[in-house]
């Protein structure tokens, strides 16, 4: 039996990459970014009240606004944690089109992504980020103090991730954002809708399932779970319960389950017990709301499934067919045609979108999707794509654009879209649907955030949503005339479309998201749906009907109903943040913000390359461990690490230094090691031990490029490296011991293509990886040798959905000092089998598949998400006497994904039984694997 650990290097910095962030509404969590901006970005900074705001010069106006806002509101945001002052750098990012924001340690900073999504809260976007992220800053300050300490940041961050559940951090922040403003996600029915639907359908969750999620069902998520639990804590135990919990954890940090122990101290219940009691209360509360609300049942036009599945934005192609965007736990997002008998026809997959969106008119289909810069991943674009249902032709209508929510005119000749400039100027753009040329830009002198525009039937009128700190508004543009139909509302207004002479839109007037219409003349609002959980995205379907999304327990389904006007109804929304709002008693925290002008200065990137923040312990393996000093600058352009490790088996130290510069197109790095080495050799018919130390310097240049197009992802990596080794202090080494290894050269090229995957996929449904490696010794006459390695990995669909078949053929030719080197993928069990010949090639066949999704909560020990299995058959040195009937190894493997001890990282545990060809006289090999991810 052998023990194989896939992750031998356990560094605290790996554990610390749990983000405490508010992210775009299309995802539930995201690791903080390590990407770079292009060199063309020029940075300035403003210092204000403990905040150092670093920003591209185009965002001067927004930076000045944040310089006034952040110090003013921080004391109000931090009062419940007894935090009144802070010190932190904050970056405003404007090159990307994916909305995000986060706070991190190691290095300590916050980042706000200035480009807003097309669907979010009813307040200013940067204010939205500020009220949430500043609460995370206060949480950090509460636990670590505001004074600088000698480099503990990553240690703190690792402890937060290991000791305090993310749902508490995020829930506390969402409660705060809701209580201190007139908006906040706690006031959005659709944000809590999946949890409400599940409980009212009689389905309750275990604590672990609600927290960690499921590969088969929709679950509340840790944002929603945390919001509801912390709201309940505030109501029962007062404004300072979060302060008490974090304060108690800070005093006694090394207890097992520190948060649960502190929670029980103040509430009498541990985390699981508190969750279950809160869930029971929610079920009762939402049941009472349901009894007060009028509702209708709508027949689903899509096929039923037990797996969470969404059919977004349905439109009728004809009386017998419906077009929608579909995604599920088993399928990445794609267009689908649904027939009258509910059978489905897949059209094609698409790339990542900020929110599900498309428009169809006159057989032309348009949508937006995110495209990333090949090298600088802080820069992305939102481009418009089209597909003609008749000609079957694709067209990319815009390149390097920042256009969102494209909607077609009735004749399919024009597109109206929201456009965002780098200075956060928002406009509507009218675009030619055949060429992509911008025909007209609609003025927006107030520079409100603009969302989801649409044309009327004539193509002369446009309806759209605007957002400001005052709320959301619905506008109508008719030529040069612009009129407001709904003004500064806290309703979640979205997606207005023209149906006949009315404008139909999404809102939640009765406390549940439904479909409403407004008469542009009288401004009278009436309801068109009365969904039990939520109705959205209406489109006219003919014969006086609308087709729309009706939310049910397994996701967004498709329904159709005759247009019948209904009263708006009484607002029965349950505001769980009401108690916290009374406790904070500040109204809208963004009222009366100062309007000073702060001096701005140039932020010199060359003078800010080093930013030492942490000393962390390192464990390479059971024999090598030490400490490492870490530096990462704020713009992610330079990393520096230096440390010392102790080799327990050699009883000697190793000294290390690494530096990587990532601002240029190639990534340049230098690695230095002063390390002990040991070898064994035969002399005079006895085995001798020899020791020495060596200085090792390695230089590396890497060019990583990647891009995406629809649901295809491509990457190219070109890498070259060389090194110099100087050996010294030899002990008991043989004559002819080589003292210098002079500049061996390494070259590597990798190409990778894959289609977009979903959470159940073990590997891409289609994928190809090709890698070429060449190493040689052109500058060292004493050590001649070279190795050429060619690898290929081809992924194919298996017999069932989410199954994967891998075929991999690999070849190497090695001579001289490299003759025993291994640069290609080897058969399973390779290191435990005595070789009979030099490795020349390998042929590997793997079939992997998921087979169970139990969602088991095994008490506090583990939460089991899934089980996966695999079969493999591996050959070596094909053409050298091996046949396809004679594999070297074959066998079976079993893996499972679990959350251990209720911690957030997902741990993959695996076992593999390897049978070896009988000519090796080798017993079966049992290998174990351990991996983790966030």
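Computed packing ranks the peptides 101-109, 905-913 as 101-109, 905-913, most packed first, by mean other Cβ atoms within 10 Å. Between residue 346 and residue 440, residue separation times 0.36 nm minus the direct Cα-Cα distance comes to 30.3 nm. Modelled spin-label separation between residue 598 and residue 47, with each label point placed 7 Å from Cα along the Cα-to-Cβ direction: 1.1 nm. Label zone of residue 458 (point 7 Å out along Cα→Cβ, amide N under 16 Å): in region 392-415 this covers 409-411.
With the cut-off at under 12 Å, measuring from each backbone N in region 747-789 to a point 7 Å along the Cα-to-Cβ line of residue 813 picks out 786-789.
DSSP beta bridges confined to the chain are antiparallel in about 95 percent of cases. If I take R0 = 60 Å and measure r between the Cβ atoms of residue 392 and residue 722 in this structure, what FRET efficiency does the formula 1/(1 + (r/R0)^6) give, to the nearest 0.05? My answer for the efficiency is 0.75.
Each label was represented as a point 7 Å from its Cα along the Cα-to-Cβ direction; for residue 652 and residue 921 these points are 3.7 nm apart. Rounded to the nearest 10 degrees, the angle from helix 258-267 to the longest Cα principal axis of the chain is 40 degrees.
Annotation: for a label point projected 7 angstrom from Cα along Cα→Cβ of residue 661, residues of region 357-390 with backbone N closer than 20 Å are 375-377. Computed from Cα positions, the angle between helix 271-292 and the longest principal axis of the chain comes to roughly 20 degrees. Fully extending the segment from residue 880 to residue 755, taken as 0.36 nm per residue of separation minus the present Cα-Cα distance, adds 41.4 nm.
Between residue 799 and residue 60, the modelled labels are 6.8 nm apart [label points 7 Å from Cα along Cα→Cβ].
In this structure, residue 34 and residue 399 have a Cβ-Cβ separation that, at R0 = 30 Å, corresponds to a calculated FRET efficiency of about 0.70. For residue 482 and residue 697, a Förster radius of 51 Å and the Cβ-Cβ distance give a FRET efficiency of 0.20, rounded to the nearest 0.05. Stretched out straight at 0.36 nm per residue, the stretch from residue 501 to residue 277 would grow longer than its current Cα-Cα span by 75.7 nm.
A short reminder: the numbers here are calculations on the coordinates, not readings from a lab. Computed from a prediction, not measured in an experiment: that's the story for all the values here. As a convention, Cβ positions derive from the backbone with ideal geometry for all residues, glycine included, and neighbour counts pool all protein chains shown.
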